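Throughout, read-outs are computed from the coordinates displayed, never taken from laboratory work. It should be emphasised that the depicted structure is a prediction, and the values quoted were computed from it without experimental measurement. A quick note on method: Cβ atoms are made from the backbone with ideal geometry, for glycine too, and the neighbour counts reach across all protein chains shown.
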Amino acid sequence: MNYQPIMQGIFEEMQKEAPLGTVATYIPELADINPDQFGIALLDVDGTHYAMGDSEKRFSAQSVAKVFALSLALRHAPDEVWKRVGVEPSGDPFNSLGLLEVEAGRPRNPLVNAGAIVVSDILLSVCDNPLDELLAFVRAMAGAQDIAIDEAVAASELQTAHRNRAHAHFMRSFGNIHNDVEEVIGVYVRICAIAMSCSELARAFAFLANQGRSLPPSFRLDARAIRRINALMLTCGFYDEAGEFAFSVGLPGKSGVGGGIAAVCPDRYSVATWSPRLTKGGNSYLGTRALARLTTLSDSSIF
Ligand code: GLN
């Protein structure tokens with residue numbers, strides 16, 4: 001399928017959309033961004049790459065990067081992940097502490113903050129250098145050796161990460177965090193602070209669309225792990241708006257408060273959008289609109 005006319009059409013439509021939503025400000029470094037940017041990139045499983053708008057500008061991946069952390073943890077220690085983290089949607093905001101009390105410190109899923117903090121703790125226990133290994137993984141998949149952690153974003157979030165520290169301390173009180181809390185939060189915040197463009201994210205998510213064929217040889221994952229990651233993205237990738245995303249877009253995907261969304265249509269394509277204005281649930285407004293148009297125009301909802 002030639003996606004070029006569809007991509008062009010979506011780009012033009014998005015220029016006309018009302019500027020709804022606001023940028024995330026609780027991480028001070030993210031508050032200064034020009035909110036009216038929009039990029040989209042799509043990688044067909046046959047290797048054809050399409051891109052429009054601000055598709056090559058790097059932005060803060062934030063929670064989109066939780067998928068890379070989970071993938072790496074599943075490669076090293078799948079049993080440990082599923083022992084310590086659940087697989088149910090939370091129906092709660094990404095940073096909600098509520099369910100942790102009722103569920104004795106076991107996060108609902110690996111894509112809410114609590115779950116990604118446990119995944120970061122597991123990576124600290126099983127990798128010699130979790131951040132170097134994660135960056136090597138992401139760089140190899142995206143085909144860009146200069147992808148890096150934006151240390152200014154990480155430092156900024158570390159100053160305000162009281163809630164994430166509260167998560168980690170609380171889970172530690174139940175025995176579900178094994179390493180020093182400050183070290184775990186340092187890894188978690190730096191994973192979120194990886195800066196990537198839409199084109200790089202579309203390439204890096206390709207393995208979830210092509211049954212793992214694009215994974216570098218040293219990072220192989222089996223088909224079951226890939227199916228499970230896609231299942232979790234569909235049910236948990238957009239927090240308490242996961243239902244809305246499945247309803248209007250119909251693809252497994254993951255959002256971040258930097259305004260990015262990466263999604264996959266298994267056996268067809270991987271796609272990423274970026275636009276910093278967010279819904280109340282912390283998901284990109286225009287990104288969601290654009291992906292809804294994409295699945296409509298290319299008849300590619302998984303349902
Ligand atoms: N680093 C952010 C946080 O922990 C990630 C949140 C997000 O992108 N939803 O709050």
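Tabulated data
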{"read-out": "R0 of 35 Å, Cβ-Cβ distance LEU97-GLN211: FRET efficiency to nearest 0.05", "value": "0.45"}
{"read-out": "Rel. contact order, % - alpha carbon contacts under 8 angstrom, at least six apart, the chain", "value": "28"}
{"read-out": "Selected from PRO276, PRO78, PRO107 as most flexible by GNM, with the chain as the system and alpha-carbon contacts under 10 Å", "value": "PRO78"}
{"read-out": "Region 161-269, relative contact order in percent, only Cα pairs under 8 angstrom and at least six apart counted", "value": "22"}
{"read-out": "Nitroxide proxy distance, nm - points 7 Å out along Cα→Cβ at ALA18 and GLU244", "value": "1.4"}
{"read-out": "ALA104/ARG227 FRET efficiency (R0 25 Å; Cβ-Cβ; nearest 0.05)", "value": "0.35"}
{"read-out": "Residue-averaged 222 nm ellipticity for the chain, from DSSP H runs of 4+ at -39500 (n - 2.57), nearest 500", "value": "-14000 deg cm²/dmol"}
{"read-out": "Amide H partners (placed H, <5 Å) of ILE194, local residues excluded", "value": "ALA61, GLN62, ASP150"}
{"read-out": "Pairwise centroid distance, computed over Cα atoms, of region 1-44 with region 81-99, Å", "value": "28"}
{"read-out": "Selected from GLU12, GLU103, GLU56 as most flexible by GNM, with the chain as the system and alpha-carbon contacts under 10 Å", "value": "GLU103"}
{"read-out": "Residue among ARG289, ARG224, ARG190 with the largest mean-square fluctuation in a Gaussian network model of the chain, springs linking Cα atoms under 10 Å", "value": "ARG224"}
{"read-out": "Sorted by Cβ density within 10 Å, fewest first, the residues CYS198, CYS236, CYS127", "value": "CYS127, CYS236, CYS198"}
{"read-out": "Under-25-angstrom lysine pairs by C-alpha in the chain, whenever the two are 8 or more apart or on separate chains", "value": "11"}
{"read-out": "Taking PHE303, PHE68 and counting other C-beta atoms within 10 Å, the order from fewest to most", "value": "PHE303, PHE68"}
